[in-house]
Amino acid sequence: MASALNHRLIANTVTVLAVGGLSTYAASRYLTPTAFADSPEPKKIFGMGPAFKYVRLQSSETINHNTKRLRFELPGGESSQSGLRLTSALLTLSWPKGNWVPVIRPYTPVSKLDEPGYIDFFIKKYPNGRSSTHLHSLNPGDSLFILATLPGFSWTANRFSHIYLIAGGAGVTPIYQLTQGILDNPADKTKITVVFGVNTEADLLLRSEFNEYKKRFPDRFDIHYTVSRPGKDFSSNEGVRSGYVTKELLDEVMQGPGEKDTKIFVCGPPAMETALVGPGGKGEKGILAQLGYSKDSIHRF
């Protein structure tokens, strides 16, 4: 699922890779459709920077009204791993039917990065979304071209005592990847608080996975769900509140800027991120600044 990655980083990456990437993709697409199976692959499939590799769709699972979990087999099968670092995403290149040019989009894997043999993406289908519509149409056996690895925040275990992860909608994928990477690492004792805002309860992706972590790590992990358009059967007794990610909500669940060794990570729709961190120039402060948090304590995926 696409995360709100830095657009300039993507643009620079696409500019550098476009000629080689497109020519490699086109040649493979029209001349050697099974080329990725011809040569042995290293155990760590993706490093930093250019990738130029195909992954084959193993399975497609419908998660809700607009989201699918797509599992792609890594070249090398069970003897291979993604090789990705925490908070990394993959820049994909696909050629939807009827399009004159390919579509390039970043997606963040939600499977464990050291999982052997495959990677999983949560792909949300957007109205008129060329890439997401194409990916939803794929059948097992079809392939996706990976253009490059996009590094995110350089995570170091125990660098912070407590982190706050604020997600909106599809922006939950890098938030979940970081949560999973920290809590599955016995050496990392970082405390995590997640705030996850969505439109409807059906949009609470990875809810069961988050809740399982809360059961396993009750002293280190907490999550707060909020739904802006709750249905008629909505009940706050199930740990989900109604409303948006507001200043009042964050003031309630965060301990304030006086808390030492903390970091805030934000990923969501542009309007939500702007409300949280501000427009980037002079003028009105974002919610987090109003609560006393400095810009250097915040990272936007």
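The values are calculated or read from the model by the stated rules, or taken from the named source; none is laboratory data. Remember, it's a predicted structure, so these values are computed and weren't measured experimentally. We place every Cβ from the backbone using ideal geometry, glycine too, and count neighbours over all the protein chains shown.
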query = Inside segment 81-137, can you point out the residues that are touching a Leu at 6+ places or on another chain (Cβ under 9 Å) and on the phi > 0 side of the Ramachandran plot?
reply = Gly83, Thr87, Gly117
inquiry  = Here is a list: Ile166, Ile119. Which entry is assigned to a strand (DSSP E or B) and within 16 Å of Leu57 (Cα to Cα)?
reply    = Ile119
task = Can you confirm whether segment 149-168 contains a residue that is without any contact (Cβ under 8 Å) to a residue 60 or more places away in the chain, among the hydrophobic types (A, V, I, L, M, F, W, C) and closer than 28 Å to Ser297 by Cα?
result = yes
ask   = What's the number of the condition Ser111 fails, among (1) hydroxyl-bearing (Ser, Thr, Tyr); (2) more than 17 Å from Gly47 (Cβ to Cβ); (3) touching a helix residue (DSSP H, G or I) at 6+ places or on another chain (Cβ under 8 Å)?
value = (3)
Filter result (aromatic (Phe, Trp, Tyr) and either under 18 Å from the mean Cα position of the chain (by Cα) or under 13 Å from Ser88 (Cα atoms) (or both)) within segment 43-66 = Phe46
ask   = Got a sec? Which of Tyr176, Tyr225, Tyr164 is closer than 19 Å to Phe121 by Cα and either surrounded by 13 or more Cβ atoms within 10 Å (Cβ to Cβ) or at pLDDT 95 or above (or both)?
value = Tyr176
query = Only one of (1) loosely packed, with under 13 Cβ neighbours inside 10 Å; (2) touching a Ser or Thr at 6+ places or on another chain (Cβ under 7 Å) is not met by Thr156, so which one is it?
reply = (2)
query = Within segment 184-301, which helices (runs of 4 or more DSSP H) (wholly inside it) include 2 or more residues that are among the charged types (D, E, K, R) and touching a residue at least 40 places away in the same chain (Cβ under 8 Å)?
reply = 247-253
